[in-house]
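Okay, structure first, notes after.
The values are calculated or read from the model by the stated rules, or taken from the named source; none is laboratory data. Not measured: the values here are computed from a predicted model. Ideal geometry is used to build each Cβ from the backbone, glycine not excepted, and the neighbour counts take in all protein chains shown.
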Amino acid sequence: MRVKPKIFNIQHSIFTQIVLIAMALLVGGCGFFRSPEKERCHRLLPREQVTEILLDMYLLEGYLSDRQNYYPQTRDSVDYYFAAIFHKHGLSHAEFRQALDCYLLHADEMMAIHEELLNRLTIQMTEADAELEQFLQRQQQMQQSDSMLTDSMEVDFMRR
């Protein structure tokens, strides 16, 4: 049986201590990189307001992308349109960006915002589809009444 020299045991012990200290510093230092508290995000901008602003932005993006097909110069005015959204909500782009960056560090918060956006967009699409259907029915009724009027005018004209 061979006995290890005492120097190796001391070096091994020092190496182990250095590794343990490094790991302790690493784990303790993670607090420095920890995301801000959710409450801080809510103080910057309530989740409901972030949702409202993002909803306005999504609707604006849809409008602008549709409009761009007919008016290519629309993209030149995008900053103006987004500035109007921030003005409507009473904050600057920088304030919104800071709050959004904070929320992006919390997956559960962003998931809640995303779900609320999907719900609201679905409701708005359903309402828009219903309005379109009503409009088309009114148009069809008007065309039918116009054709009935035209038919009756032809009959009256033929009688004379």
task: Could you grab me the full set of residues in segment 60-79 that are part of a helix (DSSP H, G or I) and either touching a residue at least 12 places away in the same chain (Cβ under 8 Å) or of a type in the set (S, T, N, Q) (or both)?
output: LEU60, LEU64, SER65, GLN68, GLN73, THR74, SER77, VAL78
task: Would you be able to tell me the number of residues in segment 45-70 that are of a type in the set (Phe, Trp, Tyr) and exposed (fewer than 12 other Cβ atoms within 10 Å of the Cβ)?
output: 1
query: Here are LEU91, LEU117, LEU100, LEU121: which of them is surrounded by 12 or more Cβ atoms within 10 Å (Cβ to Cβ), assigned by TED's automatic domain parsing to the domain that holds ARG47 and not in a helix (DSSP H, G or I)?
result: LEU91
